Amino acid sequence: MTWSKYNNPNRKRKLNRKMDRTDADILATKQMLNDAKDGKEMSIKHYDELSDRLCGKTSRNIYKEN
């Protein structure tokens, strides 16, 4: 059997997955709920920035720092 780039277990593949804004918001919300469950208090702006980093787009600046 010859190894190709599709069936070689030693070859590392590049993951070029881009997340859209909705999926990034869902993951940021999940992190917010997990933090609340653990007793951590973070501002909503922190989770908005997390969502921006996950999807790779510029910030929407929805929430202002209080």
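The values are calculated or read from the model by the stated rules, or taken from the named source; none is laboratory data. Here the structure is a predicted model, which means the values were calculated and not measured. So basically every Cβ, Gly included, is an ideal-geometry build from the backbone, and we count neighbours across all protein chains shown.
Screening K18, K14, K5, K57 for residues that are at pLDDT below 90, surrounded by 14 or more Cβ atoms within 10 Å (Cβ to Cβ) and out of contact with any strand residue (DSSP E or B) (no Cβ under 7 Å at 6 or more places or on another chain) leaves exactly one candidate, K57.
Tell me which residues, restricted to segment 9-66, are of a type in the set (K, R) and part of a helix (DSSP H, G or I). Let's see the steps before the verdict.
We begin by selecting, within segment 9-66, every residue of a type in the set (K, R); these are 11-14, 17-18, 21, 30, 37, 40, 45, 53, 57, 60, 64.
Correct list: R21, K30, K37, K45, R53.
Can you tell me which residue among A24, A36 is surrounded by 14 or more Cβ atoms within 10 Å (Cβ to Cβ) and modelled with pLDDT of 85 or more? Before the answer, list the steps.
Working: A36 fails: surrounded by 14 or more Cβ atoms within 10 Å (Cβ to Cβ).
Sole residue among the options that is surrounded by 14 or more Cβ atoms within 10 Å (Cβ to Cβ) and modelled with pLDDT of 85 or more: A24.
Restricting segment 39-51 to residues that are small (G, A, S) and within 25 Å of I62 (Cβ to Cβ) leaves a set whose member that is surrounded by the fewest Cβ atoms within 10 Å (Cβ to Cβ) is S43.
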